[in-house]
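The values are calculated or read from the model by the stated rules, or taken from the named source; none is laboratory data. Note that the coordinates shown come from a computational prediction; the quantities given were computed from them, not determined experimentally. Note that each Cβ is placed from the backbone with ideal geometry, even for glycine, and that neighbours are counted across all protein chains shown.
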Amino acid sequence: MGNFDFGIVGLGVMGRNLLLNMADHNFSVAGLDLDAEKAASLENEADEKHEIKGTTDAKEFIQLIKKPRAIMLLVPAGKPVDSVINSLLPHLEEGDIVVDGGNSYFEDTNRRVADLNAKGINYFGMGISGGEKGARFGPSMMPGGNENAYERLRPIFEAVAAKVDGEPCVTYLGRSSAGNYVKMVHNGIEYAIMQLIAETYDVLKRGFNFSDNELQEVFESWNNSELQSYLVEITAAILKKEDDLTGKRLVSLISDTAKSKGTGKWTSQNAMEIQAPVPSIDLAVTMRDISKYKEERVKAASLYSWDGDTNNSRQQNVVALFKDAFYFAMINIYAQGMAQLSIASKEFDYGLNLEEVAKIWRGGCIIRAAVLEDFRNAYKNNKELPNLLLDKDLSKRLNLKQRAMREVVKTGIDKGIPMSVYSATLSYFDAYRSATLPTNLIQAQRDYFGAHKYERIDREGIFHTEW
Ligand code: 6PG
């Protein structure tokens, strides 16, 4: 009794896979699940090399783990997390550590940190990215909580995390809900890049008659370039897949109504709250919402048509143009998400190190991409960089691709094909690089109708005018 290195509550696919990953790395791990079948089937995996124990009994589970205990919850976010915590609490002791490995809302984590800290228990919110495979063979992990307590977790997490050039894709990120916040923004970026890919697919297909084979080749070739990334890679694989029933491309048989669990929406919501502009993420969330109104869209399609640019023939350089535009947009999307992290870190006193965030996003997670290495270097050169767009090296590359971005956005407008994330991204870029904006007029209007006052550029003070 009391010798196990680690405990996992929730033996669904993620919990079970992470547990087996730990066992592969020679840690003894106990699993708790109310479902007796899941607990028993876990035990079948035990052998000489894998010290594993499954149980349905919370008390027995807790007693199996060596002190201070390290226990991770892999249960659905929301109420299930609270009820598991409540069921464990009577058996936990001061100094024990509970890690929530789900996509929990960061405010929920703040509440739980306060509740459990008051009882002497360390509570961590940790985003885990990489899906089922990641959990089994190496995820990217984003823990936040008490820095001293992290030392108990570090060897286990570093062993199981994905590795890039020998460096583990996990690090202590910051206090309280820092880990959940970073994962939330990770997912916001994920939404925006997925939408960017979908728009690229749409315009090339509907606007330039690219066949599924050609599209697959485009994404495959991009994945062997500076655009190398997990999401581009899986897009090529998805486009190749044939349906077993019909022999057609499976992707073309999938309903165009997108679902979401809410992390992208939370990113946008909180970005508004802390005044961090992330329009590309906002639009990605909006596009999933628009996709839900299928019936209305079908009706509207019969009411409105656009025959502006119906010429589907291709300019020779269309793929190269889109490639540059995609790169340009991708950098701008990460720039928005990472700027949000920088603002949130100050707002919530997380103490985030964005160089470390870029480092642990290079492998294991859904938004892993070759460009993360450049971001890491940008933050290494300037720890206080407020926005990646201000990095000199990146600015040189973006300047080379700016024209392509504008050409591509024009294509969508001319052809009447929605390119919401592309357009919002370009507007963000143009606004961010505008030394002056027309918001002087907005201030004047506010003062006109509401006496809200304004500041002047030529003298100090706060002014009101009887317009
Ligand atoms: C990851 C994913 C993961 C999950 C999302 C999907 O990093 O491994 O982001 O967390 O797939 O929850 O989110 P939506 O259901 O909102 O698209």
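A compact table of results
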read-out	value
Elements of type helices (runs of 4 or more DSSP H) contained in segment 382-467, each with 2 or more residues being surrounded by 15 or more Cβ atoms within 10 Å (Cβ to Cβ) and in contact (Cβ under 8 Å) with a residue 40 or more places away in the chain	392-415, 420-432
Filter result for residue 318 (more than 29 Å from the chain's Cα centre (by Cα) and assigned by TED's automatic domain parsing to the domain that holds residue 229)	yes
Identity of the residue in segment 243-279, more than 16 Å from the ligand (Cβ to nearest atom) and on the phi > 0 side of the Ramachandran plot, that ends up surrounded by the most Cβ atoms within 10 Å (Cβ to Cβ)	275
Test: residue in segment 218-232 that is aliphatic (A, V, I, L, M), surrounded by fewer than 18 Cβ atoms within 10 Å (Cβ to Cβ), assigned by TED's automatic domain parsing to the domain that holds residue 340 and modelled with pLDDT of 95 or more	no
Residue under evaluation residue 451, criteria (1) more than 30 Å from residue 332 (Cα to Cα); (2) assigned by TED's automatic domain parsing to the domain that holds residue 379, criterion not met	(2)
Leading residue by the ranking (farthest from residue 172 (Cα to Cα)) among those in segment 344-381 that are crowded, with 16+ Cβ neighbours inside 10 Å, of a type in the set (Gly, Ala, Ser) and away from the ligand (no atom under 14 Å from the Cβ)	378
Residues within segment 328-352 that are in contact with a Leu (Cβ under 8 Å, 6 or more places away or on another chain), under 17 Å from residue 382 (Cα atoms) and not in a helix (DSSP H, G or I), tallied	1
Residue within segment 174-183 that is under 19 Å from residue 230 (Cβ atoms), within 16 Å of the ligand (Cβ to nearest atom) and either buried (at least 24 other Cβ atoms within 10 Å of the Cβ) or in the same structural domain as residue 19 (by TED's automatic domain parsing) (or both) present	yes
Selection count where residues are within 12 Å of the ligand (Cβ to nearest atom) and touching a Leu at 6+ places or on another chain (Cβ under 7 Å), scope segment 141-172	1
Some residue of segment 116-131 being part of a helix (DSSP H, G or I), within 22 Å of the chain's Cα centre (by Cα) and of a type outside the set (A, V, I, L, M)	yes
Residue match in segment 398-408 (condition: among the small types (Gly, Ala, Ser) and outside the structural domain of residue 275 (by TED's automatic domain parsing))	no
Where a residue in segment 254-283 is in a helix (DSSP H, G or I) and its partner, wherever it lies, is within 16 Å of the ligand (Cβ to nearest atom) and among the basic types (Lys, Arg), with Cβ under 6 Å and at least six apart	none
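The rows are residues; the columns are (1) within 18 Å of residue 65 (Cβ to Cβ); (2) buried (at least 20 other Cβ atoms within 10 Å of the Cβ); (3) within 16 Å of the ligand (Cβ to nearest atom).
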site: 101; (1), (2), (3): yes, yes, yes
site: 111; (1), (2), (3): no, no, no
site: 122; (1), (2), (3): yes, yes, no
site: 136; (1), (2), (3): no, no, yes
site: 139; (1), (2), (3): no, yes, yes
